[in-house]
1. Filter the GluC sites (Glu not before Pro) in segment 125-192 down to the DSSP loop ones having no more than 13 other Cβ atoms within 10 Å, then list what survives.
2. About the Cα centre of the chain, how large is the charge dipole given +1 on each Lys and Arg Cβ and -1 on each Asp and Glu Cβ? Please answer in debye to the nearest 20.
3. Between Pro47, Pro68, Pro98, which gets the highest mean-square fluctuation from a Gaussian network model of the chain, Cα cutoff 10 Å?
4. With springs only between Cα atoms under 10 Å apart, run a GNM on the chain and tell me which of Asp78, Asp187, Asp18 wobbles the most.
5. What is the calculated FRET efficiency for Lys224 to Ile30, with r their C-beta to C-beta distance and R₀ = 22 Å, to the nearest 0.05?
6. Is the shape of segment 150-209 rounded, prolate or oblate, going by the alpha carbon gyration tensor and its root eigenvalues a ≥ b ≥ c, with a/c under 1.5 for rounded and a/b larger than b/c for prolate?
7. Need one word for segment 16-90: rounded, prolate or oblate. Basis is the Cα gyration tensor (sqrt eigenvalues a ≥ b ≥ c); a/c below 1.5 gives rounded, then a/b vs b/c decides.
8. Stokes-Einstein D for the chain at 20 °C, 1.002 mPa s, Kirkwood Rh over Cα pairs, in µm²/s?
Amino acid sequence: LRTKESTKGLEADATSQDYVELGRAVIDLIQSRRSVREGFKQQQIPPEVVDDIIHSGLTAPSSKNAQPWRIHVVSGRDSLDKIANLVQANKQADSFVPIDPETGVPREWSSTVAESAQILREISLGLFIENQAPFSGGRSTVIAAGEDFRPSAVEGYGFEIMGMGAMVENMWLTARAHRLEGVFMGDVLVSDDEINNILGIEGDLVGVLALGYTDQEPHPKILKSGAVIFHD
Ligand SMILES: Cc1cc2nc3c(=O)[nH]c(=O)nc-3n(C[C@H](O)[C@H](O)[C@H](O)COP(=O)(O)O)c2cc1C
């Protein structure tokens, strides 16, 4: 990686005005993050910015510090277009929606695969996330696990994915600090076999953090009620 580790700023005395202002800026960056899907410019991202984003991902917390991820960095226009086309052309593109596993009935959401493919055509950088699955062995192993071991496999898988969430958020926020915006997309899983082939992914594809420069203002967010309960 071409970036140097930087703790400049955080070295400031915790009671100093600088520290308070720096902290407020970080909090604002976190709370104003939104998924941005439009208005991307065809503009290259400097390599040191890409490295800084990746470095933030790699320093994320993970269960047992297993660092279960591998990041596949794709910035070539042809590669992003190729992946976009095969995602959109997938036979299941229109029916790729969450399904109730008890009944097989699709849940309330409709497919967003075509929109996600279009985003891939417009962004400058796709960070494809692989779960190397050190605990669970990956989705197919979890599915195939015998009854006795399945709960442990599901728990392990959940912990792996929590690590992925932390690393994606670290990268996303760092990208924003560099004036990049974007969205994380699980829709690419509709074509996970083909993408795994192209990128040499041996574990599970988890999704892609799609980033670019854009003029699009993030939309305001309506928060769901009942998400927090304070206890004595
Ligand atoms: C695991 C995960 C998968 C997602 N997959 C997609 C996707 O495939 N396509 C898309 O447009 N947005 C996707 N999103 C973005 C969500 O739609 C978005 O985070 C949500 O609507 C909340 O909006 P906000 O990010 O602006 O706060 C995904 C987000 C997460 C965390």
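Read-outs throughout are calculated quantities, based only on the coordinates presented, and are distinct from any laboratory measurement. Just so you know, these numbers come straight off a predicted model, no measurement behind them. Every residue, glycine as well, gets a Cβ built from its backbone with ideal geometry; the counts of neighbours run over all protein chains shown.
1. Details: sites: Glu130, Glu147, Glu155, Glu160, Glu169, Glu181; in loops: Glu147.
Listed in order of number, the matching sites are Glu147.
2. Values: 21 positive and 34 negative charges, 75 e Å.
Roughly 360 debye for the chain.
3. Maximum among the listed residues: Pro98.
4. Its mean-square fluctuation being the largest, the pick is Asp18.
5. On the way: r = 18 Å, r/R0 = 0.82.
Given R0 = 22 Å and the Cβ-Cβ separation, E is 0.75.
6. Working: a/c = 2.66, a/b = 1.30, b/c = 2.05.
Judged from the Cα gyration tensor, segment 150-209 comes out oblate (a/c at least 1.5, b/c at or above a/b).
7. Working: a/c = 2.21, a/b = 1.54, b/c = 1.43.
Cα axes put segment 16-90 in the prolate bin.
8. On the way: Rh = 19.5 Å.
For these conditions, the coefficient is 110 µm²/s.
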